[in-house]
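Chemist: The structure follows.
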Amino acid sequence: MSVATVRHTAAALLAVTLVAAPAQARTPVVDRSYEARRGPIEVEVVVAGRNAPLFMASNRTDRWYLEARQGAKYEIKVTNRTGQRVGFVLAVDGLNAINGLISAGGSGEPMYVLDPHGDATIKGWRKDLHNVSRFVFVDERRSYAERTGQANGDLGWIRVTAFNEQRALYGVTPRWRESGKDERSDDRDEWHAGDAKEMEKAAPPAAAAPEAGRRATNGMGALGYDGPAPAREPLAESNPGTGWGPNQRDRVRTVEFEPQRHAAAQVILRYEYKPALTALGILPWRAPRDRTWERENGLYGFAQPPGR
């Protein structure tokens, strides 16, 4: 075989290799924002007093991801972007945040109601019309769902399901039922709880001692939460959940609200510790690639585009 033939054969093999190789799987583009919008609502998450970045991967556009920080309290702010009242069911770890029971995100569940263009900051599990137990990131085994024997497939998930008002379709003015105003309340957020007759207090974890319960009622302790966790990086194999945190005054009032049967939209959030988000390719976050970046760096690492 001549040298020329060998060279032609090598070139042919190289060509076959390039053609036969499967298309290189591109890393999903991850977009970052601070608001998650769907239909009539916008959702933000505040962790340890700061707005948390929400990440969406190009191959998972049905959800946003956020980083859970062990021992940190968090809040969920929901904004009504419409000129009509909107109700929403908030489920954390698969449990309704008002009555603490397994949630299906249905219109018959207890829900919060937003005024037109209003907003609400949900700070914890509702205990009564004046108090909540704060949402706090804990290891899964210390979560409220786990400790009440209600662990389910939605641990690590937050779902905000929005409903338009049925009566708004017919122009009927709703009748309001207000509880007596508590002048001692220092809450600045005025938001409402619907389905008052069905609303139940979120029960503390069954494993909590009565003494701990009295301390929590007095705002001096917590149920299902043993204080701030040591400042350490969570183990890669550990997973977060939401615990029954310290008591906080958080006043609501009851209103009449008849939701439409079917949901208008749902915002889905998934929280994980940093190692898990890194394993999923969500972190470290990188800005989406554009054509300028591709031309500058070369998409496949072969020939670079001309300099001019």
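Chemist: ³J(HN,Hα) across the range 257-270 via Karplus (A = 6.51, B = -1.76, C = 1.60, θ = phi - 60°), whole Hz, x for Gly/Pro?
Modeler: In residue order, the calculated couplings are 8, 10, x, 5, 5, 9, 5, 7, 5, 9, 9, 10, 10, 10 Hz.
Chemist: Take the alpha-carbon centre of the range 53-110, take the same for the range 239-283, and report the distance between them in whole Å.
Modeler: 3 Å
Chemist: Quick one: 3J(HN,Hα) in Hz for the range 118-134, Karplus 6.51/-1.76/1.60 with θ = phi - 60°, rounded, Gly and Pro as x.
Modeler: With coefficients 6.51, -1.76 and 1.60, one gets x, 9, 9, 10, 8, 9, x, 6, 6, 9, 6, 6, 10, 9, 9, 9, 4 Hz.
Chemist: State the percent of C-alpha pairs, over all pairs in the range 54-148, separated by a distance greater than 18 angstrom.
Modeler: The answer is 56 percent, as a whole percent.
Chemist: Let me ask something else. Please arrange SER107, SER58, SER133 by accessible surface area, largest first, computed with a 1.4 Å probe and ligands excluded.
Modeler: Listed by decreasing accessible area, they come as SER58, SER107, SER133.
Chemist: Output ³J(HN,Hα) for the range 28-36: one whole-Hz value per residue in order, computed from phi by the Karplus curve 6.51 cos²θ - 1.76 cosθ + 1.60 with θ = phi - 60°, and x for Gly and Pro.
Modeler: Along the range 28-36, the couplings run x, 6, 10, 9, 10, 8, 10, 10, 10 Hz.
Chemist: Would you mind computing, in nm to one decimal, how far apart the modelled labels at GLU35 and ASP115 are, each placed 7 Å from Cα along Cα→Cβ?
Modeler: 1.9 nm
Chemist: Set the Förster distance to 35 Å, then compute FRET efficiency between GLU258 and ARG286 from the Cβ-Cβ distance, nearest 0.05.
Modeler: 0.15
Chemist: ARG249 label point, 7 Å along Cα→Cβ, cut-off 19 Å on backbone N: hits in the range 112-150?
Modeler: Inside the label zone: 121-135.
The values are calculated or read from the model by the stated rules, or taken from the named source; none is laboratory data. Just so we're clear, the structure is a prediction, and the values are computed from it rather than from any experiment. When we count neighbours, we look across all protein chains shown, and the Cβ atoms used for this are built from the backbone with ideal geometry, even at glycine. Note: areas computed on protein heavy atoms with side chains; ligands, DNA, RNA excluded. Shrake-Rupley method; radii C 1.70, N 1.55, O 1.52, S 1.80 Å.
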